[in-house]
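Below is one structure. I have some questions about it.
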Amino acid sequence: MGAFSGATEFFGMPLSQLARRYGYQEDNICILEGDLPKLREQFSETYDNLCSCTHQADQRSPLKYGQDLVASWLVEDVFLRVFRAAGLNASLDGADQGRKVLRNVKTSSSSDFSISCNGYRRKLELMNDYTGFWARSHKMHLWDNKYLKMQREKSLFLAVSMATREFALLDFTEEIPARLIPHHIPYGNKPAYELSLPSSLLHTATSAAIGQAVRARFHA
């Protein structure tokens, strides 16, 4: 299950309805509603950009990739509100913070969020599991060089299992062991890193608990 299907199930409503509530532009609404003819005719730049994202799409069609992408933005926007409700100064930090589908060559590997508190600023990456795979297998996979980038940036990593309503917060100022998988089939046969995720790291996911866990990392 991808972000589009998982987020639709999690929010219990059509994602286009939530996107309109959050003020998303009409090209993103077209993507969520699967209206490619309208996207191609009225938003040709977005359509062309979407078709250029073959690396990010892995084995998905351009439409499926686009729906997963816009769904992931909606999830990010929800967590942005969670962080701010916890008293954190949080902002979007990725290349797609403008909520526009960018061409492949313009897509960066920036972190999802920039968060500051008590005079400190840190990067935070968000990853969601919509299938319950993490809870069942006690492991997770990071694609491309995301693991190495979080090591370099000493990021916080918020992993949320949407299916089981659990979360883990990993802090890359600490050593986070991982196993390199040179060719990971679910990621289009590209490299991935496998991390252990024992039950002891998983906590009940509520807005308050997540916000408190992130905020606590600024008191360490």
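Is there a residue in region 190-199 that is at pLDDT below 95, under 15 Å from the mean Cα position of the chain (by Cα), open to solvent by less than 50 Å² (accessible area, probe 1.4 Å) and not acidic (Asp, Glu)?
No, there is no match, as no residue in region 190-199 is at pLDDT below 95, under 15 Å from the mean Cα position of the chain (by Cα), open to solvent by less than 50 Å² (accessible area, probe 1.4 Å) and not acidic (Asp, Glu).
Inside region 121-161, can you point out the residues that are hydrophobic (A, V, I, L, M, F, W, C) and farther than 17 Å from GLY211 by Cβ?
Matches in region 121-161: MET127, PHE133, TRP134, ALA135, MET140, LEU142, TRP143, LEU148, MET150.
Looking at (1) surrounded by 15 or more Cβ atoms within 10 Å (Cβ to Cβ); (2) closer than 17 Å to GLU76 by Cα, find the lone condition where MET150 falls short.
(2)
Which of the residues belonging to region 84-93 are surrounded by 15 or more Cβ atoms within 10 Å (Cβ to Cβ), over 14 Å from ASN118 (Cβ atoms) and touching a helix residue (DSSP H, G or I) at 6+ places or on another chain (Cβ under 9 Å)?
LEU92
Determine, yes or no, whether GLU166 is in contact (Cβ under 8 Å) with a residue 24 or more places away in the chain, more than 16 Å from the chain's Cα centre (by Cα) and crowded, with 17+ Cβ neighbours inside 10 Å.
Judged against the criteria, GLU166 is not a match.
To continue, here is another question. Quick test for you: out of PHE218, PHE172, pick the one residue that is more than 27 Å from LEU69 (Cβ to Cβ) and surrounded by 14 or more Cβ atoms within 10 Å (Cβ to Cβ).
Just one listed residue meets the conditions, PHE218.
Between GLY211, GLY132, which is within 25 Å of TRP73 (Cβ to Cβ), at pLDDT below 95 and surrounded by 13 or more Cβ atoms within 10 Å (Cβ to Cβ)?
GLY132
For region 19-34, state whether one or more residues are at pLDDT 90 or above and of a type in the set (Phe, Trp, Tyr).
Yes, region 19-34 contains at least one residue that is at pLDDT 90 or above and of a type in the set (Phe, Trp, Tyr).
The values are calculated or read from the model by the stated rules, or taken from the named source; none is laboratory data. Note that the coordinates shown come from a computational prediction; the quantities given were computed from them, not determined experimentally. Glycine gets a Cβ as well: all are built from the backbone with ideal geometry, and neighbour counts include every protein chain shown. Each accessible area value is taken on the protein alone, full model and side chains, heavy atoms only, with ligands, DNA and RNA left out. Shrake-Rupley method; radii C 1.70, N 1.55, O 1.52, S 1.80 Å.
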